[in-house]
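Okay, structure first, notes after.
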Amino acid sequence: QVQLVESGGGLVQAGGSLRLSCAASGLTFSRFSMGWFRQAPGKEREFVAAISWRNGNSYYADSVKGRFTISRDNAKKTVSLEMKSLKPEDTAVYYCAGDGAVVPTTVDGINYWGKGTLVTVSS
């Protein structure tokens with residue numbers, strides 16, 4: 001059974017930093033591209049960042065480029081999202097996603113999702 005379990009969410013002031021982690025089990029992690037998505041209250045789930053298993057290339061939404069960094073540790077089967085210079089508009093539930101076929105940059109068709117972790121950025 002595949003499980004993706006996020007951790008690291010919480011309350012932070014604007015301008016602060018947080019590091020999210022996603023622990024994977026039940027899949028060949030080194031052969032899965034991983035991503036982070038987020039969903040703010042009343043809004044649709046949106047892409048944040050992704051990293052390819054094949055070449056380690058990373059991809060970012062324009063709204064987080066230069067502030068967020070995605071990384072992976074295949075030995076530990078984890079993917080992390082380092083978030084800096086946080087803004088109130090970054091407030092959302094952050095979801096980990098994994099896909100064995102494509103780099104997960106769109107919501108549709110993703111193989112596996114975590115249950116999410118809440119990030120709240122106060123102004």
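The values are calculated or read from the model by the stated rules, or taken from the named source; none is laboratory data. All figures in this text were calculated on a predicted structure; none of them were measured in a lab. In this analysis, Cβ positions are derived from the backbone assuming ideal geometry, glycine residues included, and neighbour counts consider all displayed protein chains. Calculation scope for accessible area: heavy atoms of the full protein, side chains included, ligands and nucleic acids excluded. Shrake-Rupley method; radii C 1.70, N 1.55, O 1.52, S 1.80 Å.
For this structure, a couple of remarks:
- The order of 73, 90 by accessible area, most exposed first and with a 1.4 Å probe, is 73, 90.
- Once the Cα-Cα distance is subtracted from the 0.36 nm per residue extended length, the residue 57 to residue 3 segment shows a gain of 17.1 nm.
- Rounded to the nearest 0.05, the FRET efficiency derived from the C-beta distance between residue 17 and residue 76 at R0 = 25 Å is 0.75.
- Counted charge near residue 96, where neighbours are those whose Cβ lies closer than 15 Å (Asp, Glu -1; Lys, Arg +1): +2
- Of the trypsin sites (Lys or Arg not before Pro) found in region 13-89, those that fall in a DSSP loop while having at most 11 other beta-carbon atoms within 10 Å are 43, 54, 65.
- Region 1-76: mean projected area of Cα convex hull, nm²: 6.2 nm²
- Accessible area in square angstrom per residue, the chain, 1.4 angstrom probe: 52 Å²
- Simple Cβ-charge dipole of the chain, Lys/Arg +1 and Asp/Glu -1, about Cα centre, in debye nearest 20: 280 debye
- For region 43-117, the Cα-based Rg and Dmax, in that order, read 12.2, 35 Å.
- Simple spin-label estimate for residue 106 and residue 31 in nanometres, 7 Å along Cα-Cβ: 2.5 nm
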